[in-house]
């Protein structure tokens, strides 16, 4: 994916936009975005999501009214829909691919907002012709951003702690979970890790943990679950496992930033032996660097 601006600038610029201008998306921008959605590659684990851009209707807005703060999304021009087949790591691949598309929309000058919920039996599912073995873990609103945020949007961002991110010492580790990793320790890879640190996540939980294994030059990605978070979401709201989606977003930021800076590598999936893992923590993937 070629972007006009450096990917780090795009990641820093992107935020959850809940208030849109009523100006429709111009045809050339729409065509570019639709072409990107059609060309979306498979994720790191091999599963491919189907994406489609639809124009927003009153019916679509009604779907969001029952999903908490998503009911405050105002005047989006449309929505990016996605259907993904059931597979062991489909949600990570979905998060990876959807975030890639969202960053491209940001590069085009458009605002977006991740909307994680239960859309498999909604009108969104009908519009993308979701099959029996497909699920819709999230959608994204898209359109031109309004010149100013509404007070309700500012209140939502404040309540969610949208600008707050965990410090490096809580997220990144050296040769095991007992040693924290600093930007000075990791040199050229500090920027890709920082782009993971500031990535969006459901309820701003930031569930990613990364261990750098210096002897093998690998970065090991782990999911550290928020206690009771997924159980509550699934039982009360039927929501997909969004913390797995968050891991795909983290992997997207890390890979895209590294490649944009000229640092290459590849994903691998052999769990390392780095000692005892913290509670509620499980292995996801590793990035093998070539530098």
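The values are calculated or read from the model by the stated rules, or taken from the named source; none is laboratory data. Note that the structure is a prediction, hence the values are computed from the model and not measured. When we count neighbours, we look across all protein chains shown, and the Cβ atoms used for this are built from the backbone with ideal geometry, even at glycine.
Data table
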item: Test: residue in the range 251-271 that is more than 28 Å from residue 41 (Cβ to Cβ) and not assigned by TED's automatic domain parsing to the domain that holds residue 15; result: no
item: The range 109-148: number of residues that are surrounded by fewer than 19 Cβ atoms within 10 Å (Cβ to Cβ) and closer than 18 Å to residue 75 by Cβ; result: 5
item: Selected residue (only one of 173, 254, 177 is under 19 Å from residue 282 (Cβ atoms) and assigned to a strand (DSSP E or B)); result: 173
